[in-house]
Amino acid sequence: MVPALKSTKSSLWTDIHDSDGSPSSSHQNPKSTAKWAASLENLLEDPEGVKRFREFLKKEFSEENVLFWLACEDFKKTQDKKQMQEKAKEIYMTFLSSKASSQVNVEGQSRLNEKILEEPHPLMFQKLQDQIFNLMKYDSYSRFLKSDLFLKHKRTEEEEEDAPDAQSAAKRASRIYNT
(Lines give C-alpha, C1' and ligand atoms only; values in the text may rest on other atoms or scores of the structure.)
Protein backbone atom coordinates (compact mmCIF):
# COMPACT_ATOMS: atom_id res chain seq x y z
CA MET A 1 0.00 0.00 0.00
CA VAL A 2 1.32 3.42 -0.91
CA PRO A 3 0.97 6.13 1.75
CA ALA A 4 -0.82 9.35 0.93
CA LEU A 5 1.20 11.89 -0.98
CA LYS A 6 2.19 15.14 0.67
CA SER A 7 2.48 18.56 -0.88
CA THR A 8 6.25 18.99 -1.09
CA LYS A 9 8.81 17.09 -3.10
CA SER A 10 10.84 16.13 -0.05
CA SER A 11 7.86 14.71 1.81
CA LEU A 12 6.65 13.01 -1.38
CA TRP A 13 9.93 11.11 -1.60
CA THR A 14 9.73 10.22 2.08
CA ASP A 15 6.12 9.06 1.98
CA ILE A 16 6.53 6.72 -0.95
CA HIS A 17 9.71 5.30 0.57
CA ASP A 18 9.77 2.30 2.84
CA SER A 19 7.96 2.66 6.13
CA ASP A 20 11.23 3.17 8.00
CA GLY A 21 13.16 4.78 5.17
CA SER A 22 15.98 2.28 5.60
CA PRO A 23 17.77 0.36 2.87
CA SER A 24 16.24 -2.90 1.72
CA SER A 25 16.50 -5.81 4.08
CA SER A 26 17.25 -9.31 2.89
CA HIS A 27 14.02 -10.66 4.37
CA GLN A 28 11.83 -11.64 1.45
CA ASN A 29 9.72 -14.53 0.35
CA PRO A 30 11.68 -17.46 -1.03
CA LYS A 31 12.24 -17.13 -4.75
CA SER A 32 10.82 -13.61 -4.89
CA THR A 33 13.24 -12.86 -7.72
CA ALA A 34 11.62 -15.65 -9.76
CA LYS A 35 8.25 -13.94 -9.29
CA TRP A 36 9.74 -10.55 -10.19
CA ALA A 37 11.30 -12.01 -13.34
CA ALA A 38 7.96 -13.53 -14.40
CA SER A 39 6.28 -10.14 -14.92
CA LEU A 40 6.44 -6.47 -14.09
CA GLU A 41 3.00 -6.87 -12.49
CA ASN A 42 4.42 -9.40 -10.00
CA LEU A 43 7.33 -7.09 -9.26
CA LEU A 44 5.03 -4.13 -8.56
CA GLU A 45 2.81 -6.22 -6.26
CA ASP A 46 5.75 -7.05 -3.99
CA PRO A 47 6.96 -4.24 -1.68
CA GLU A 48 10.51 -5.64 -1.73
CA GLY A 49 10.37 -5.83 -5.52
CA VAL A 50 9.23 -2.21 -5.75
CA LYS A 51 12.04 -1.21 -3.41
CA ARG A 52 14.67 -2.98 -5.56
CA PHE A 53 13.19 -1.64 -8.82
CA ARG A 54 13.25 1.89 -7.39
CA GLU A 55 16.90 1.49 -6.42
CA PHE A 56 17.62 0.53 -10.03
CA LEU A 57 15.52 3.37 -11.50
CA LYS A 58 17.29 5.91 -9.26
CA LYS A 59 20.57 4.90 -10.87
CA GLU A 60 18.96 5.35 -14.29
CA PHE A 61 17.47 8.73 -13.31
CA SER A 62 13.94 7.52 -14.02
CA GLU A 63 12.53 6.78 -10.56
CA GLU A 64 9.71 9.26 -11.24
CA ASN A 65 8.09 6.65 -13.51
CA VAL A 66 7.49 4.11 -10.76
CA LEU A 67 6.61 6.87 -8.29
CA PHE A 68 3.95 8.16 -10.70
CA TRP A 69 2.61 4.63 -11.22
CA LEU A 70 2.43 4.05 -7.45
CA ALA A 71 0.76 7.43 -6.88
CA CYS A 72 -1.89 6.58 -9.50
CA GLU A 73 -2.52 3.20 -7.87
CA ASP A 74 -3.03 4.95 -4.53
CA PHE A 75 -5.24 7.59 -6.17
CA LYS A 76 -7.57 4.96 -7.65
CA LYS A 77 -8.29 3.65 -4.14
CA THR A 78 -9.28 7.08 -2.80
CA GLN A 79 -12.97 7.36 -1.90
CA ASP A 80 -13.30 10.79 -0.31
CA LYS A 81 -13.99 13.53 -2.92
CA LYS A 82 -11.90 16.19 -1.14
CA GLN A 83 -8.99 13.81 -0.68
CA MET A 84 -9.29 12.81 -4.32
CA GLN A 85 -9.04 16.47 -5.39
CA GLU A 86 -5.96 16.98 -3.21
CA LYS A 87 -4.25 13.84 -4.52
CA ALA A 88 -5.15 14.66 -8.13
CA LYS A 89 -3.57 18.10 -7.74
CA GLU A 90 -0.54 16.52 -6.04
CA ILE A 91 -0.05 14.05 -8.90
CA TYR A 92 -0.52 16.76 -11.50
CA MET A 93 1.88 19.21 -9.84
CA THR A 94 4.51 16.57 -9.05
CA PHE A 95 4.50 14.55 -12.28
CA LEU A 96 2.47 16.15 -15.09
CA SER A 97 2.62 19.94 -14.94
CA SER A 98 5.16 21.77 -17.07
CA LYS A 99 6.66 22.92 -13.74
CA ALA A 100 6.56 19.44 -12.16
CA SER A 101 9.41 18.59 -9.83
CA SER A 102 9.52 14.97 -11.09
CA GLN A 103 7.98 15.25 -14.52
CA VAL A 104 7.15 12.03 -16.37
CA ASN A 105 7.34 11.90 -20.14
CA VAL A 106 3.89 10.90 -21.44
CA GLU A 107 1.99 11.63 -24.62
CA GLY A 108 -0.98 13.90 -24.19
CA GLN A 109 0.52 15.51 -21.13
CA SER A 110 0.10 18.96 -22.64
CA ARG A 111 -3.65 18.39 -22.97
CA LEU A 112 -3.97 17.96 -19.23
CA ASN A 113 -4.62 21.16 -17.42
CA GLU A 114 -5.68 22.12 -13.96
CA LYS A 115 -9.39 22.22 -14.92
CA ILE A 116 -9.57 18.43 -14.84
CA LEU A 117 -8.53 18.56 -11.19
CA GLU A 118 -11.82 20.22 -10.20
CA GLU A 119 -13.88 17.09 -10.98
CA PRO A 120 -11.53 14.17 -10.31
CA HIS A 121 -12.52 10.55 -10.81
CA PRO A 122 -10.56 7.37 -9.92
CA LEU A 123 -9.51 6.58 -13.50
CA MET A 124 -8.61 10.10 -14.65
CA PHE A 125 -4.89 9.27 -14.88
CA GLN A 126 -5.38 5.72 -16.25
CA LYS A 127 -4.20 6.36 -19.84
CA LEU A 128 -1.10 8.17 -18.62
CA GLN A 129 -0.45 5.47 -16.02
CA ASP A 130 -0.74 2.82 -18.74
CA GLN A 131 1.79 4.71 -20.88
CA ILE A 132 4.26 4.81 -17.99
CA PHE A 133 3.64 1.13 -17.20
CA ASN A 134 4.42 0.20 -20.82
CA LEU A 135 7.49 2.41 -20.81
CA MET A 136 8.75 0.62 -17.70
CA LYS A 137 7.74 -2.82 -19.00
CA TYR A 138 9.45 -2.57 -22.37
CA ASP A 139 12.41 -0.45 -21.31
CA SER A 140 13.49 -0.23 -17.67
CA TYR A 141 12.15 -3.61 -16.51
CA SER A 142 14.13 -5.66 -19.04
CA ARG A 143 17.32 -3.78 -18.07
CA PHE A 144 16.49 -4.28 -14.38
CA LEU A 145 16.36 -8.07 -14.89
CA LYS A 146 19.91 -7.93 -16.37
CA SER A 147 21.24 -5.47 -13.77
CA ASP A 148 23.86 -6.25 -11.15
CA LEU A 149 21.37 -5.17 -8.50
CA PHE A 150 18.81 -7.82 -9.53
CA LEU A 151 21.36 -10.55 -10.26
CA LYS A 152 23.13 -10.02 -6.93
CA HIS A 153 19.80 -10.22 -5.10
CA LYS A 154 18.95 -13.40 -7.02
CA ARG A 155 22.33 -14.99 -6.11
CA THR A 156 21.86 -14.06 -2.45
CA GLU A 157 18.42 -15.61 -2.50
CA GLU A 158 19.76 -18.82 -4.09
CA GLU A 159 22.60 -19.01 -1.54
CA GLU A 160 20.15 -18.62 1.34
CA GLU A 161 17.99 -21.37 -0.15
CA ASP A 162 20.98 -23.71 -0.55
CA ALA A 163 22.33 -23.06 2.98
CA PRO A 164 21.32 -25.70 5.53
CA ASP A 165 18.65 -24.43 7.88
CA ALA A 166 20.29 -23.80 11.25
CA GLN A 167 17.16 -24.70 13.19
CA SER A 168 16.67 -28.03 11.42
CA ALA A 169 20.37 -28.81 11.97
CA ALA A 170 19.89 -28.13 15.67
CA LYS A 171 16.86 -30.43 15.70
CA ARG A 172 18.86 -33.17 13.97
CA ALA A 173 21.67 -32.79 16.49
CA SER A 174 19.15 -32.93 19.32
CA ARG A 175 17.70 -36.19 18.02
CA ILE A 176 21.17 -37.71 17.65
CA TYR A 177 22.26 -36.81 21.17
CA ASN A 178 18.95 -37.64 22.84
CA THR A 179 18.79 -41.23 21.57
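Cross-link pairs exceeding 29 Å in C-alpha to C-alpha distance, out of K77/K115; K58/K82; K87/K152; K99/K154, comprise K58/K82; K87/K152; K99/K154. For K58, the solvent-accessible surface computed with a 1.4 Å probe is close to 100 Å², ligands and nucleic acids excluded.
Taking only protein heavy atoms into account and a 1.4 Å probe, give the accessible area per residue of the range 68-141 in Å².
Working: 4230 Å² over 74 residues.
Each residue of the range 68-141 exposes 57 Å² on average to a 1.4 Å probe.
Want the number for E114 to A38: 0.36 nm per residue separation, take away the alpha-carbon distance, what's left?
Once the chain is fully extended between E114 and A38, it gains 23.5 nm.
Maximal additional length on extending the D139-E107 stretch stands at 9.9 nm, based on 0.36 nm per residue less the C-alpha distance. The C-alpha atoms of the range 78-156 occupy a region whose extents along the principal axes are 49, 27, 21 Å, arranged from largest to smallest. Residues S98, S142, sorted by accessible area with the largest first, give S98, S142 [1.4 Å probe; ligands and nucleic acids excluded].
Site pair Q83 and D162 shows an inter-label distance of 4.7 nm when each label is modelled 7 Å from Cα along Cα→Cβ. Per residue, the average separation of C-alpha pairs within less than 8 Å and at least 6 apart gives the range 47-103 a relative contact order of 23 percent.
How would E119, E60 line up by accessible area, probe 1.4 Å, largest first?
Values: E119 130, E60 60 Å².
From most exposed to least exposed: E119, E60.
At a 1.4 Å probe radius, carbon and sulfur cover how many percent of the accessible area of the range 70-151? Walk me through the intermediate numbers first.
Values: 2320 of 4760 Å².
So the carbon and sulfur contribution to the accessible surface is 49 percent.
The values are calculated or read from the model by the stated rules, or taken from the named source; none is laboratory data. Since this is a predicted model, take the numbers as computed values, not measurements. Cβ: placed from backbone, ideal geometry, glycine included. Neighbour counts: every protein chain shown. Heavy atoms of the whole protein, side chains included, go into the accessibility calculation; ligands, DNA and RNA do not. Shrake-Rupley method; radii C 1.70, N 1.55, O 1.52, S 1.80 Å.
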